[in-house]
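K.L.:
Structure incoming, see below.
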Amino acid sequence: VCFGFAVHIAHHLKQSVIYIDTTGGLTASRLLQMLQTETNNTDEQMEALQRIHTFRLFDVCALLDCLYGLCSGGLQKACVGGGSVKAVIVDSVSAVIAPLLGGKQNEGECLFLLLCHTQPYPRLCLHLHTFHLWIE
């Protein structure tokens with residue numbers, strides 16, 4: 001689902017996407033494979049791939065740092081050469097939060113609440129199971 005949104009926005013809308021990979025599952029070859037189902041034109045495929053900006057983050061503190069950085073001007077830097085940033089996709093918030101929840105680790109719930117309030121685009125936030133997408 002997350003890959004599909006990223007590919008659709010980058011190829012059809014010709015807008016930049018920030019994809020935050022918290023599971024390690026994002027690969028350029030998989031994105032290219034999905035783009036090849038959309039178009040046979042290799043130039044269009046490469047242009048769309050260049051519009052997908054990725055961050056690989058595996059802990060909640062790194063995710064918070066990234067989101068705060070995007071909120072404070074990082075979105076403008078990411079859109080250079082690829083149109084405006086249309087979406088910020090976090091593939092699995094639970095991958096970085098789950099290790100902190102439960103047991104005697106009380107900071108997990110606090111970090112989860114902090115993460116919920118850190119949205120680059122406050123107008124709309126879709127939550128679909130472990131999939132999180134912020135759209136302008």
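Taken together, the values in this text are just the output of simple stated rules run on the coordinates, not laboratory data. The structure displayed is predicted, hence computed values, not measured ones. Ideal geometry is used to build each Cβ from the backbone, glycine not excepted, and the neighbour counts take in all protein chains shown.
K.L.:
Tell me the trypsin sites (Lys or Arg not before Pro) within the range 14-66 that lie in a loop according to DSSP and have at most 16 other beta-carbon atoms within 10 Å.
P.N.:
Answer in residue order: LYS14.
K.L.:
Where does the range 1-47 land on Rg/Rh, using Cα atoms and the Kirkwood Rh?
P.N.:
On the way: Rg = 10.3 Å, Rh = 11.0 Å.
So for the range 1-47, dividing Rg by the Kirkwood Rh gives 0.94.
K.L.:
Take GLN36 and ASP65, extend 7 Å from each Cα along the Cα→Cβ direction, and tell me the distance between the two endpoints in nm.
P.N.:
Taking the simple label geometry, GLN36 and ASP65 are separated by 3.6 nm.
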